Amino acid sequence: MWEKESELKIHFTPGHVELMKENVAIPYRRVLVTGATGLLGRAVYQEFQNNAWDTLGCGYSRARPRFFKCNLLDEEALRSLIQQFQPHVIVHCAAERRPDVVERHTEAALNLNVHTSATLAKEAAGIFLIYISTDYVFDGRNPPYGENDAPNPLNLYGKSKLEGEREVLRHNPGAAILRVPILYGEVERVDESAVTVLWERVQEGADSCTIDHCQQRFPTYCSDVARVCRLMAERRLQEPSLQGIFHYSGKEQMTKYEMACAIADAFNLPSSHLIPLTEQPAGAGAQRPNNAQLECSRLELLGLSVEPTPFKTAIRDVLWPFLQDKRCRQTAFH
C-alpha cells in the first residue's frame, strides 16, 4: 500500500533555478513498539517515526500522554491492540531487563519476559516480529558467540530471555531475534542504564569508589540498535525470508571501570578517585558472564549492520543534560 506525500525538489534549467513541490509515492507502513516508554523502546519509536513509518508505541505505568497505555499481561487487551492497529511490524522491547530484579521478583519477570512474548508471537501471526534479547543467554566462558552457538545462561534473567526466544520462534517461526549487550542512550534518569549510572560515581570527585574491572562489556548505543531494527523491518517487507537469530553489538570492549574513566575523560573530569575492583565481592547479586561478546557477521553479510557510534561521542550527548557545572562546556566539547 502506498501513499502520496509532497516533497520539495530543486529544478535547474539554464539561467533559472526553481523550487517545486512534487508528489512522491512512499510505502504506507505501520509498526508497533512495545515498551516504548523504556530506554531502548523510546529510541526505536523515534527511529521509525522519523523515517516515514506510522508508529504506535505502547507502555503501561509511564505511557500517557505520549504513548498508548496497554497492559501486555492482559491477553485480551493485547489482542485488541494488534487487531485494531494491524501493524506490519512489531518490535518487542518490553522486558524486565535488570538481572537482580529478576532474581528477587522472578514470577513477575517470567510473566513479562516469557508469557507475554509467547502471547504476542501467537497474536502476531503474519506480522514480522522482532524480539529484543540479550548477550546474557551465553555463559561468557568462550567468546565471541555466533548466532548458532549454544546458549548457556548463568542467571534467571538470561534464562527468561532465552525461554522468551524459544516461545517466540515456536509460535511465530518467521520472527527475528535480535540479541544485544549492555545498552545506553538518552535517559530520563541516569540510573535508567547500567552505563549512565556510572555518571554518579564519576561526579563524586573527592570520595574514592570501587568499580568492577573484571567483566568485559561492549556498551551499545540505543539509537544504533533502533536503526538496525528499522533496517531489518524494511528489508523484511521486501524479502519475506528474513527471519531467525541475529546479533548486534558495539565494538569497544570495556569493563565498567573503563567506561567510568572514558566518561570522565569525555567531560574533562578527574578519574583518580575511581578504583578498579579486580575481584567480584561476595553477595554481588545475580551472576554475570565474564565476557559474552557477540559475533555479528550475519547482519553484516546482509548489509543490515550499522557502524557503532563511538562511545565517547554518544556518551557526551547522553550525559550532557546531567552535567552539574555546564561552564566546562568549552573544554569538554571543543
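A short reminder: the numbers here are calculations on the coordinates, not readings from a lab. Computed from a predicted structure; not experimentally measured. When we count neighbours, we look across all protein chains shown, and the Cβ atoms used for this are built from the backbone with ideal geometry, even at glycine.
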Computed about the Cα centre, the charge dipole of the chain from +1 Lys/Arg and -1 Asp/Glu charges at the Cβ has a magnitude in debye, to the nearest 20, of 440 debye
Which links in Lys69/Lys161; Lys159/Lys251; Lys122/Lys159; Lys122/Lys256; Lys159/Lys256; Lys161/Lys251 stretch past 30 Å when you go from one Cα to the other?
Lys122/Lys256
Principal semi-axes in Å for the chain [√(5λ), Cα gyration tensor, largest first]
34, 28, 19
What percent does the relative contact order of the chain come to when contacts are Cα pairs within less than 8 Å and at least six residues apart?
17 percent
In the stretch 148-290, with Lys and Arg counted as +1 and Asp and Glu as -1 at Cβ, which of these residues, Leu162, Gly250, Pro270, has the Cα nearest the positive end of the dipole, that is, farthest along it?
Leu162
